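Taking it in order: structure first as structure tokens, then the write-up.
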Amino acid sequence: MHWQTEGFVLREALYRESDKILTVLTRAEGKCTVAARGARRSGSPLTAAAQPFVYAHMTLFTYRGRCTLDDAEIIDSFHALRADIERLSLAAYLAELCEALAGEVADPALLDLILNACHALARLRKPPALVKPATEFRMMSICGFQPAVDACSVCGRVPPAEPCLHLNQGSVHCAACRTGLEGGLSRTLGADAWRALRHIVYGDAKRLYAFTLPPGALAALTTAAEAFVLTQLERGFHTLDFYKKL
Ligand SMILES: [Zn+2]
């Protein structure tokens, strides 16, 4: 069966002499494994599109559960990412996180988020230090791990006094209310990072990166976002380790 969809290439793996196996987040069917036959042969019409971070209109062919890429027309290749190792490696981590969270059902909000993140990094030149925690918290929220951040989960106070995020429960609480919660770890947010977190989790997707924070608050948000991802998913990411080494 032939079918058409827009898709974003999350990852490539080299296969045989001249092929690639792509992990593609499609608008129609969610995450798909797609063979791009001959994509590494010079002159192949698939070469340009069969690359990580390419968003393309794709014609796919599914037969006996296997999917191959027949044709692709690039919509955006986020070319500027490739000129900047910090932005490129952050995009690689966000794509790996996206792959870990995506299912095989259509999730337009998730596809739009990874496109939005690449756009913010490649074209809007938003600081990677801001794009990273905003994308982590928003992606987790879209994929079933939305933290409850509007009030203290113990006393109900809005805003929480000296807000902290409980990593296992995925809820905020006042620093002094910590004793009312079970085990596990909390990370201190502070008032500014808490406000930013509310904006990230509940705000308009198109304005996700439209905020600024003083350096200390951004550092607190960054620490909380990464710890939240690693705690909730109970795994690490090679691409994250690489990004942090830069
Ligand atoms: Zn409280």
_So if I take the alpha carbon set of segment 2-76, get Rg, then get Rh from the Kirkwood formula, what is the Rg over Rh ratio?_
0.92
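I need the semi-axes of the equivalent ellipsoid of the chain: take the C-alpha gyration tensor, multiply each eigenvalue by 5, square-root it, list largest first in whole angstrom.
Numbers: eigenvalues 278, 63, 45 Å².
Equivalent ellipsoid of the chain: 37, 18, 15 Å, largest first.
Compute the FRET efficiency between Glu86 and Thr59 as 1/(1 + (r/R0)^6), taking r as their Cβ-Cβ distance and R0 = 51 Å, and round to the nearest 0.05.
Numbers: r = 34 Å, r/R0 = 0.68.
The computed FRET efficiency comes out at 0.90.
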*Do you know the relative contact order of the chain, to the nearest whole percent, from alpha carbon pairs under 8 angstrom that are 6+ apart?*
15
*Hey, what angle do you get for helix 215-233 against the long axis of the chain, alpha-carbon based, 0 to 90 degrees rounded to 10?*
70
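In debye to the nearest 20, how big a dipole does the chain give about its Cα centre with +1 on each Lys and Arg Cβ and -1 on each Asp and Glu Cβ?
Values: 27 positive and 25 negative charges, 71 e Å.
Dipole magnitude for the chain comes out near 340 debye.
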*Cβ-based charge dipole, segment 133-246, positive-most Cα from Met139, Leu181, Asn168*: Met139
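For segment 2-76, calculate the relative contact order in percent as a whole number, restricting contacts to Cα pairs under 8 Å that are 6 or more residues apart.
Numbers: 183 pairs, mean separation 24.0, N = 75.
Rounded, it is 32 percent for segment 2-76.
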*When each of Lys206/Lys245; Lys31/Lys244; Lys20/Lys132; Lys206/Lys244; Lys31/Lys245; Lys126/Lys206 is checked by Cα-Cα distance, pairs over 24 Å*: Lys206/Lys245; Lys31/Lys244; Lys20/Lys132; Lys206/Lys244; Lys31/Lys245
*asked:* With angles folded into 0 to 90 degrees, how steeply does helix 108-122 sit against the dominant principal axis of the chain? Use alpha carbons for both and round to 10.
replied: 90
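In what order do Val229, Val154 fall by count of nearby beta-carbon atoms within 10 Å, going from fewest to most? Could you put the intermediate results ahead of the total?
Details: Val229 23, Val154 18.
If I rank by nearby Cβ atoms, fewest first, I get Val154, Val229.
None of the figures in this text is laboratory data; all of them are computed from the coordinates on show. What you are looking at is a predicted structure, and each value in this text was computed from that prediction instead of being measured. Here Cβ is always computed from backbone atoms with ideal geometry, including for glycine, and neighbour counts include all displayed protein chains.
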